[in-house]
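**Student:** Take this structure first; my questions come after.
The values are calculated or read from the model by the stated rules, or taken from the named source; none is laboratory data. Keep in mind it's a predicted model, so treat the numbers as computed, not measured. In this analysis, Cβ positions are derived from the backbone assuming ideal geometry, glycine residues included, and neighbour counts consider all displayed protein chains.
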């Protein structure tokens, strides 16, 4: 995976900035304007796991940063258009659009229009009652925890 440390740092800094302006009251958290739905398959006995699908609907002009993922997984933009910034670059995508999110993927998203974004994960936790265990299984607390370098935020001040 081609990782641009400056872009990785920018995504982390954007996430920090979003939290700061929401906490200060300068911007409003729009989470209540989005919707999140969860879908689960049954356990596949031969493989000992199943699939979890997360569908997020976001309004136009919403900015958010996704979570840091431990495993590669499928991602689908089912509706809308988004601008995405990640460690591999900046990209404008329009639905329908499908991609494989690699290990350590963390992205900043800007919804250019109302959008539906869906991810699919392999998991052993297949009910809504197990969402916290599922998140521990698929979401990493840090880059270091999955064997990757933490972003160097000093790169943002270098010019």
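**Student:** Could you look through the range 84-96, keep only residues that are in a strand (DSSP E or B), touching a strand residue (DSSP E or B) at 6+ places or on another chain (Cβ under 8 Å) and surrounded by fewer than 17 Cβ atoms within 10 Å (Cβ to Cβ), and pick out the one that is modelled with the lowest pLDDT?
**Tutor:** Step one: list which residues in the range 84-96 are in a strand (DSSP E or B), which gives 84-86, 89-94.
Still in the list and also touching a strand residue (DSSP E or B) at 6+ places or on another chain (Cβ under 8 Å): 84-86, 90-94.
Now restrict to residues that are surrounded by fewer than 17 Cβ atoms within 10 Å (Cβ to Cβ): 90-92, 94.
Numbers: 90: 87, 91: 93, 92: 96, 94: 98.
The residue in question is 90.
**Student:** Pick out the one residue from 146, 103 that is farther than 18 Å from residue 36 by Cβ and more than 15 Å from the chain's Cα centre (by Cα).
**Tutor:** Every option except 146 fails the conditions.
**Student:** Same structure again: List, please: which pairs have Cβ atoms under 8 Å, are six or more places apart or on different chains, and start with a residue in the range 127-140 that is closer than 16 Å to residue 37 by Cβ and end with one that is exposed (fewer than 13 other Cβ atoms within 10 Å of the Cβ)?
**Tutor:** Note: pairs meeting the criteria are 128/38; 131/38.
**Student:** What are the pairs with Cβ atoms under 9 angstrom where one residue, in the range 38-55, is farther than 23 Å from residue 101 by Cβ and the other, located anywhere, is outside any strand (DSSP E or B) and at pLDDT 95 or above? Sequence gap at least six, or different chains.
**Tutor:** 42/126; 43/124; 43/126
**Student:** Restricted to the range 110-120, and to residues that are surrounded by 21 or more Cβ atoms within 10 Å (Cβ to Cβ) and without any contact (Cβ under 8 Å) to a residue 60 or more places away in the chain, which residue is nearest to residue 83 (Cα to Cα)?
**Tutor:** Once the filter is applied, the top-ranked residue is 111.
**Student:** Follow-up question, since we're still on this one. Scan the strands (runs of 3 or more DSSP E) fully inside the range 38-79 and keep the ones with 2 or more residues being more than 12 Å from the chain's Cα centre (by Cα).
**Tutor:** Strands (runs of 3 or more DSSP E) meeting the threshold: 50-58, 73-79.
**Student:** Oh, and also: Please enumerate the residues belonging to the range 103-156 that are more than 20 Å from residue 50 (Cα to Cα) and in a helix (DSSP H, G or I).
**Tutor:** Residues satisfying the conditions are 144, 145, 146, 153, 154, 155, 156.
**Student:** Has the range 14-25 got any residue that is modelled with pLDDT of 65 or more, surrounded by fewer than 17 Cβ atoms within 10 Å (Cβ to Cβ) and in contact with a helix residue (DSSP H, G or I) (Cβ under 9 Å, 6 or more places away or on another chain)?
**Tutor:** no
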